[in-house]
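The values are calculated or read from the model by the stated rules, or taken from the named source; none is laboratory data. This structure is a prediction, so every number in the text was calculated from the model and none was measured. Reconstructed Cβ throughout: ideal geometry from the backbone, glycine too, with neighbour counts over all protein chains shown.
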């Protein structure tokens, strides 16, 4: 698992493409690999933003291949992608948000409660602390999720500008 020195993420090599991994997952469960599922997986795998199901549906409707994707198919496919280990689901302010999990190193997030921006970061120091705490309690870590909430620099700056305007 590689981590850049500036807390940014780097990619991790995988044996299968996201589509191959998903097809293998579906076949192992006796489910069909449909054209709509392929379009959804390929679309999600081609980008690396955090997104919700409604954003994905809107994005798909803007493409020729995805224009026929139904809402139930999108929601069902997202749940299957989580089950296949391709995506992680986070619930933030009551909203389900998805991110890539397959082919990405362990990482954490900063979440702006005003604009809902998610900033990914990875820290060797944080990983060492988690490992040390787990070892102290003889705990086998399977995964972890840290989401630090606050206000991003852009929202703080816009609030400062609006306060300045209020004084004029």
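Out of curiosity, is residue 101 surrounded by 15 or more Cβ atoms within 10 Å (Cβ to Cβ), free of Cβ contacts under 8 Å to residues at least 24 places away in the same chain and within 23 Å of residue 149 (Cβ to Cβ)? So residue 101 passes the test.
Scanning segment 136-147 for residues that are modelled with pLDDT under 95 and loosely packed, with under 11 Cβ neighbours inside 10 Å returns 140, 142, 143, 145.
Per-residue answers, yes or no, for (1) under 29 Å from residue 109 (Cα atoms); (2) within 18 Å of the chain's Cα centre (by Cα); (3) at pLDDT 95 or above:
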{"residue": "3", "(1), (2), (3)": "yes, yes, no"}
{"residue": "6", "(1), (2), (3)": "yes, no, no"}
{"residue": "13", "(1), (2), (3)": "yes, yes, no"}
{"residue": "24", "(1), (2), (3)": "no, no, yes"}
{"residue": "28", "(1), (2), (3)": "no, no, yes"}
{"residue": "31", "(1), (2), (3)": "no, no, yes"}
{"residue": "34", "(1), (2), (3)": "no, no, no"}
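Taking the listed residues 133, 151, the one that is surrounded by 11 or more Cβ atoms within 10 Å (Cβ to Cβ), more than 25 Å from residue 50 (Cα to Cα) and at pLDDT 95 or above is 133, with no other qualifying.
Has segment 114-126 got any residue that is free of Cβ contacts under 8 Å to residues at least 24 places away in the same chain and surrounded by 11 or more Cβ atoms within 10 Å (Cβ to Cβ)? Yes; the residues of segment 114-126 include at least one that is free of Cβ contacts under 8 Å to residues at least 24 places away in the same chain and surrounded by 11 or more Cβ atoms within 10 Å (Cβ to Cβ).
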